[in-house]
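Right, one structure below, let's go through it.
The values are calculated or read from the model by the stated rules, or taken from the named source; none is laboratory data. For clarity, every value in this text was computed on a predicted model and none was experimentally measured. Here the Cβ positions follow ideal geometry from the backbone for every residue, glycine too, while neighbour counts run over all protein chains shown.
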């Protein structure tokens, strides 16, 4: 969409306000609101100047920023009367791109990809999240408690449970289908971010799954950030709350964030080869090889929280690729020339989508440049002994956030030209503090296991 087209839509609807969204280091959309009359074509080049955004990016000093509306992210907030939105890129006072602007990372990664493959990357992605009827979380010195009421929970005696399992349930057992469909409609009709499918997840407790149509990598990141915002806003209207935690419940399915990458020339995926037994072109093999070579440091961006590694503790992801086995970090699919033929299985929904996509693209391009062959297994990596995995150079993903940070410190050259040194440093500092805070805070497990000893 061109800037003029967006302005014409905005004027025709008599919109009063425009929210200028910009993702922070966590990938969460922040906002400043301006009057719709202040939007004109010049503002797409000059931007809106603000002086109070520094703390959003963990800056230690005040700086002036310009929010630059991106025309192709124009949308309407149906829960907020007469209000539209644009996601914005950010420039500094000297009109250069702000190096901590997280949208810049995925844009730079796209250009790196295009320099190698002549076309921009396309992404298909799906994400899980849970819905609940609210939450009560108390973590004071005097009281530690978590209560998450949900219509489908086994502890809810009035829950509709007319199926042996709620995995991929239909109505009426699929208690949140109406809310989920509202979210999908909002994304498709109000933000032009088309949802391909949605349904109940494989969990027995209120898990949702949503899959987007293919789109450019930067739009895929915008779509996921917008989904999180829309899910919360639609949830509030329906007295429901989503959670994108990697592992919100100990005895149920974790939440996944899976995505596939392709590049199409005249409708054919450059990663496809009909003569290969796995239908992978040599470029696909090198690209996957780069992802697997850097998977342990990539985990810092794709699995960036303490909770992420509780998911990986039960999901058991390895630095290998293969067919029909979820324990491989990269899952290979049978494909046609127009299909996406491999999928990343290890990211989780708590990832900043801009960082996750940018880092994976950078790793794949590094594999293309170095002609890195992937470790493709015919057997499941889970059934191999540690010695067998070691001989095949198959490794576990990191087991903790601090281990992922350590991996990144020793393996980060492939990120040059995509991530600035400052943005990696600031994000790492935030995550180190998060890890330290988690280590000093007693958990529910601590109380259950040790309180009476």
>> Step by step: first the residues of region 343-367, then only those that are within 30 Å of residue 28 (Cβ to Cβ) and over 17 Å from the mean Cα position of the chain (by Cα), then the one that is surrounded by the most Cβ atoms within 10 Å (Cβ to Cβ). Which residue is that?
In response: 364
>> Quick check on residue 98: is it crowded, with 20+ Cβ neighbours inside 10 Å and at pLDDT below 95?
In response: yes
>> Consider region 1-27. How many of its residues are at positive phi and in a strand (DSSP E or B)?
In response: 0
>> If residue 182 meets every condition in (1) assigned to a strand (DSSP E or B); (2) touching a residue at least 40 places away in the same chain (Cβ under 8 Å); (3) over 16 Å from the mean Cα position of the chain (by Cα) apart from one, which number is that one?
In response: (1)
> Among the listed residues 41, 105, which satisfies the condition of being surrounded by fewer than 20 Cβ atoms within 10 Å (Cβ to Cβ) and either part of a helix (DSSP H, G or I) or at negative phi (or both)?
Replying inline: 41
> For residue 294, are the conditions met, namely being over 16 Å from the mean Cα position of the chain (by Cα) and closer than 24 Å to residue 202 by Cβ?
Replying inline: no
>> Given the options 137, 127, name the one that is surrounded by fewer than 18 Cβ atoms within 10 Å (Cβ to Cβ), part of a strand (DSSP E or B) and either at pLDDT 90 or above or not assigned by TED's automatic domain parsing to the domain that holds residue 427 (or both).
In response: 137
>> Going through 231, 203, 223 one at a time, which residue ends up being over 29 Å from residue 118 (Cα atoms), modelled with pLDDT of 95 or more and either touching a strand residue (DSSP E or B) at 6+ places or on another chain (Cβ under 8 Å) or part of a helix (DSSP H, G or I) (or both)?
In response: 231
